[in-house]
Each structure stands twice: as structure tokens, then as C-alpha cells.
1. Which of the listed residues, B:251, B:129, B:103, is farthest toward the dipole's positive end in the protein assembly as shown, when Lys, Arg count +1 and Asp, Glu count -1 at the beta-carbon?
2. Using only alpha-carbon positions, what ratio does the radius of gyration of the protein assembly as shown give when scaled by 2.2 N^0.38 Å?
3. Just to confirm my numbers, what's the Cα centroid distance between segment B:132-178 and segment B:251-296 in Å?
4. Exposed loop trypsin sites (Lys or Arg not before Pro) only (DSSP loop, at most 16 other Cβ atoms within 10 Å): please give the longest stretch of chain B free of them, not including the sites.
5. Rounded, prolate or oblate, given the Cα gyration tensor of segment B:309-356, with a/c below 1.5 counting as rounded?
6. Taking amide H positions as placed in the peptide plane 1.01 Å from N, state which residues far from residue B:181 in sequence (5 or more) or on other chains have amide H under 5 Å from it.
7. Quick one: of A:18/B:305; B:13/B:225; A:55/B:185, which pairs are farther than 31 Å apart, Cα to Cα?
8. Compute the long axis of helix B:302-325 from its Cα atoms, compare it with the longest principal axis of the Cα atoms of chain B, and write down the angle in degrees, 0 to 90, nearest 10.
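Every number here is computed from the coordinates shown, using simple stated rules; none is lab data. Remember, predicted model here, so these are calculated numbers, not experimental data. Don't worry about glycine lacking a Cβ; one is built from the backbone with ideal geometry, like all the others, and counts go over all protein chains shown.
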Amino acid sequence: MFVDRNITEVTIMDVDKKPVLFIILAVVTILAGTLATTFIPLFMGTASPSRENIKFYTALELEGRDIYIREGCNNCHTQMVRPLKFETARYGDYSTLADSAIDRPHLWGSKRTGPDLARVGRKYPAAWHVIHMKSPQSMYPKSNMPPYAWLADRDLNTKYTEAKMKTLGYPYTAADLRALEGKTEMDAIIAYLLRLGNELR
Amino acid sequence: MAQEHAYDYRAVKGFAISSLFWGIVGLLIGILISLQLVYPQLNVTSWLTYGRLRPLHTNALIFGFTIPAAFSIFFYLVQRLGRTQLAFPGLAKALLYLFNTAIVLAALSLFAGMSQSKEYSELEWPLDLVIVVIWVMFAIIIIGTIVKRKEEQMYVSLWYILATVVGVAIVFIGNNLVVPVSLFKSYSVYAGANDANVQWWFGHNAVAFVFTTIPLAIFYYILPKTTQAPLYSHRLSIIGFWSLVFAYLWTGAHHLIYTPLPDWIQTVAISFSIFLIAPSWASVINGYGTMKGQWEQMRTSYLVKFIILGITFYGLQTLQGPSQAIRAFSALTHFTDWVPGHVHMGTMGWVTMTISAGFYYMLPRIYNTELYSVKIANAHFWLVLMGQLIYSVTMWITGIRQGAMWQAMEADGSLVYSNFIDTLTPNYAFWNMRTAGGIIFFAGFLLFVYNLYKTIRLAPKASSA
Ligand code: HEM
Ligand code: HEM
């Protein structure tokens, strides 16, 4: 009376009587594609280009990148120019493995509510970004981007900068860290934006 | 009913209520972010900006609504299908408190902008650890109950439950390996293209083990139970199960078409995506086959309507998804609003409809009563159906429109719409319609919650202890 007879007559393989065996089989089944498409390529290195020509993030750029992550800019902006004519015509050179080789995490994005930013550092000067970040609507009256004026009022928190640079293995000097004094969050995010598209030496 | 007392439904009830509560929160935030896309002045303070709220919407509905719905319904199913009492009821009670505490902390951390940035893996590492503990507790209860079951055969629903238990564990841990720099900040152990590949292996299998195996476990139980008809084909469910669990893991890179990720990984993902139609439709066919000779129940039973519309949207979703994986299709729709249209046919149609059917089936039974109002349940059905269709159809239209505007080029190779903003503003009318669809859906959801609330309130007291 708890289970209708007619829905439990499954007797093709015995694995449906042995939960532990069932779990083992399920794990093996799941690991097949997992290893083949994700973790084996990781160790093959085909998606890990040489870092020789890559400019590491400066301390300020890295802090800017972390603000980009904190604010969730990646929810509206991609950083992935596809190798399609209409994309390169709009944004510039298509993205390569090298562009994001040192990015942890990657910020390719999945939705383009706003334009792609992979090459935005080649497009506008710092002064443009300040105005735009404070009030996108002052640049484009119909833009739906949130205004981020408050970033300019907030001092950059540099407490963990050194630990971050160390964790990521980016080179830095004491002078680099000292240069962060007096910077705002706006300075940092704009430094990051200006770098986008200028990854290579 | 004589042995009804032998089952332990306390955690089942607790998680049902948690799920409904966080469902309301997540949907309200969905409506807010939909509005913000047209009215940026609604980004009133830093912690209410769209960039922070969108992850809150997705996390609230994945971790706050779908997961506890699964805990609730699975704790019911393992007892009924195993004809045994829940293992470790004390642990289940602790799980309920730990779970809700974690969701509150998760919401606060997302408001504060603490984020690993990877989609659906936004929560920072201390919360990830809590989620791992939650999942281990859940697994112990589920596996413990299944091991001591009295019904030798494990029914199909139990397979999907076990797949959920191990699948979520593997993909969640795999994608959240990070190096902490402070309590609130960490960096992924993977870099660049590898990080993206791991992320979308996770992302697509969150779809597999949260948005697919959870509703399928519910579907395979309540469809035969409700219709009183035997499941159409057991052979089909076996083939469907193992090929689904095998194939899903190969497809993550269909989110990365035309990226620099090595081409062969993309091509393998596209092929397996197309193959996935077969195991997905195995369940759809099982659903329709079971209805053979029973179709009049679509008129007479509100439950059958939820189940059959749910599996129908699953069927459409698993045809649309593989199409999106194809390169030419992806070139047009990737990055556009087409994708949220796809997502919400799955989540608002398939996932939410099936979970609703699960609660409608289960809650009156465990409270020894009848549903408060079939009329309200029918109104709920039509509202969520309408809301979801408005959402998906408007996003498909505007997605194709925007994709086409991005592509449009003059004969000389220059862009027709070189200002991005000109391709954006036509979205506004569609986003407003989407908001309307969302509000209609939300109204349906409120009726659902009200109906269940009344059902529980009016239940005979003795059994609700
Ligand atoms: C045969 C099964 C399926 C396949 C092959 C498939 C394929 C895809 C593809 C190719 C995308 C990426 C689109 C793009 O970014 O251009 C996608 C996105 C998505 N799909 Fe599916 N889909 C399937 C079923 C489902 C189901 C059942 C759901 C349940 C809700 C679902 C939920 C999602 C979600 C949430 C995303 C958005 C990911 C993001 O960009 O954040 N899919 N799907
Ligand atoms: C009132 C109903 C809802 C509304 C108004 C709503 C609104 C939204 C909006 C505006 C977005 C962002 C789209 C964009 O990036 O352009 C979104 C994304 C998302 N929502 Fe909802 N939503 C609703 C219901 C749901 C439900 C029920 C679920 C899950 C059970 C869900 C899961 C998601 C997911 C997974 C995404 C990410 C999609 C992607 O990455 O493409 N939503 N939603």
C-alpha cells in the first residue's frame, strides 16, 4: 500500500538492489566525461599558453579587477571577442588564450547586457571612464548601467594587496604597494579598465 | 493510513516551508533586477546594484528554493519508496537549522559583494565549506535511509536521488577549489581558459544535477502515483538514466563556443549536447506513454496538468539546448537575451512546475488532509504558465533581434549599428513585458503558497505534530 506494485517492477539489472554498487557506478560514469573534457586537458596544457609575453597585473590593476568582481560587472559585460567578422569589427582583435592566461578567475562572462570590454582599454582615456562610471547616463542618456559614483568616495583597502600579489605570483615592489596610498576604488577600477586589451608586452 | 505514523516527516515539513520562503525572496529579487535593466535609477545603493543582485537571484532560487525542495521531497520519497523511517532524524533537524543559517549568511555576503564571480559558484570559500558540510549531512541521511530500506528494489526516483547526491558533490567541489587570501576573498586555483572550462563543466552540470535529476526524481514518482497508471517503460528509464548521467558531463564547453578553448573540446561538447536529446526524451516519452488512455486526466486533475506541462517544457528545453550548442546558432544567440529565455523556460516551466506538483502531492498526504482549494491550484497553474510563456517568448524575440543587429554589416564591411546602445534600447520594451510576465508568475506562486498554508492550517491537529 505504500508503493504501487506497478511502479516498482524494475528488474533488468541487479544494480538497482545494491545502493553502494549503484553509487560507485554512478561516480565512475560521472567521472568519465569530467576527466576527458575538463581535467585531462588541464594537465595536457593545451589551454595554458606560455606566460612569457604577458604583462602581469600591477597592484592597482589587480585591486581594480577585484572591485570589478565585487560589483559583479561580469553579470553584464563579457570579455570575450569571438573570431567572427562582426565581432572584431565592433570590438577589435579576437580573444586569445594569452589574454586571460594569468586570470584567476577568468572573466569571460555569459551575457552581454552592455558591450564587451576585452579591448576597452584601447578605446577611451581615463577621464572618459571617470565621467562614465560616475554617471553612465551623462554619456548615453538611455544607458541602463548603474551609476558608480560612490567608488570615488571610497579609499582603496590595501590591507590584503601584498597577500593577493603573493598568492597569484605576480611580481611587485615595495614602491608599487606604497603607490596605492591615497588611491580610491575609482582609481583602481579605471586602472584595470585601461589595461583591458593591453595584456601583452 | 494505519502505518502513517511510522514515517518521520518533521524535516520534510521544515524544508518545504524553507523552500517556499526563499522562493518568494528569490522571485521578488528577479522582478527587481528585471526592472533595474530598464530603470537604472533603481540601483539605489551599492548593495542593491544589479551586479550584486543578479547572483542573489540565481543563488536564492538554486540554493534557497530548489535545493530545500529537493531535501523535503527526497526525505519523503526515500521513506515511502524504501518503506522505512528516515535515518538519523536528529541530523535532519540539525541540517534544517544549519541550512537556513547558511542561506541567510549567503544572502548577506552577496549583498556585500563577496563573490568568487563564477556563475552559481559566487559564494566565497567559508560558505562553500558550510555547503559541503550540509551536503555531507544530506548524503548521510539519504544513503542511510536507502541502505536500511525494506523494499529491495530501488525505484527510478531513487536512482535520480542518488545521482543528485553524488553529482552535485563532484561538480561543486571541482569548481570551488580556491586559494584564500582572507576570510572574504579567494582566487581560483585554475587560470584563464582552464578556469572557464571547469566553470562551465560545473555550470552545465548544475543544470544536470539540480535542474534535471531533482525534478526527474519527483516526476517519476508522482506521475504513476497520481494517474494510477503503470510507468510506460522501465527499460526506457534504465537506458535514459545511465546515458543521461554519462553524457551530461561532456557538454560544458557548449557555453564556450568560439572561445579560444581548444576546438576539439568544443566539438566534443557539441556532439554530446546533440546526443543528450535521446536520454532527455526517454523521460518525456515515458511521461506521454504513461498517459496513454489517460489523457482525460489533463482536464480532471490539476496535478496531472502540472506534471505533464512540466515534462513538456523539459522536452522543449532539451531540444532548444542542443540547438544552441551548434556553432551557427551560438554565433547568433550567445550573449543575448535568448539565453535567459531558454533558462526560464527550464526553471519557471519544468523545475518550478514539477516541484509545485511534488508539494501539492505530498503535503496534503503528510498532514492527513485534502488540498485546501483545487480552484486556487488551477488558478496557480494558469498564472505560472502564462507568466513563463511571456518571459520566454519575449526574450527569444528580443534575443534574436539583438543578435541580428550585432551581426548586421554593410557591403563595405562596416557595422550597420556601430553604437552598441542602439542595439540595447529596443530591449527595454521586451524587458518591461518580461517584468509583467514575472509579476504574473509571482502572483501564481503566491496563490500556491497560500493554498499550501491553508491546507496545513486546516489539517487535523493530531497528525501535524
Ligand atoms: C539537452 C539538454 C540541454 C542542452 C544541450 C542545453 C544547452 C545549453 C546551451 C548550449 C546553453 C548556452 C547558451 C549560450 O550561452 O549561448 C545553455 C544555457 C543554459 N541552460 Fe541549457 N541546455 C539543456 C537543458 C537545460 C535544462 C533542462 C535546463 C533547466 C533549467 C537548462 C538551463 C540552462 C541554464 C541555467 C543556462 C544558462 C547558463 C548561463 O549562461 O548562465 N538547460 N543550455
Ligand atoms: C518572477 C520570475 C522571475 C523573474 C522576473 C526573473 C528574472 C531574471 C532576470 C532579469 C535575470 C537576468 C537576465 C539577464 O542576465 O539579462 C535572471 C537570470 C536567471 N534566473 Fe530568473 N527570474 C525569475 C524566475 C526564476 C526562477 C524560478 C529561477 C530558478 C528556479 C530563475 C533562475 C535564473 C537563472 C539560473 C538565471 C541566470 C540566467 C543566465 O545566466 O542566463 N529565475 N532572472
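1. Toward the positive end, the furthest listed residue is B:103.
2. On the way: Rg = 25.1 Å, N = 666, 2.2 N^0.38 = 26.0 Å.
The reported ratio for this selection is 0.97.
3. Each part's Cα centre sits 23 Å from the other's.
4. Value returned for the longest uninterrupted segment is B:293-465.
5. Details: a/c = 4.42, a/b = 2.03, b/c = 2.18.
Here segment B:309-356 falls in the oblate category.
6. Result for residue B:181 returns B:186, B:187.
7. A:18/B:305
8. Long axis of B:302-325 versus the principal axis of chain B: about 30 degrees.
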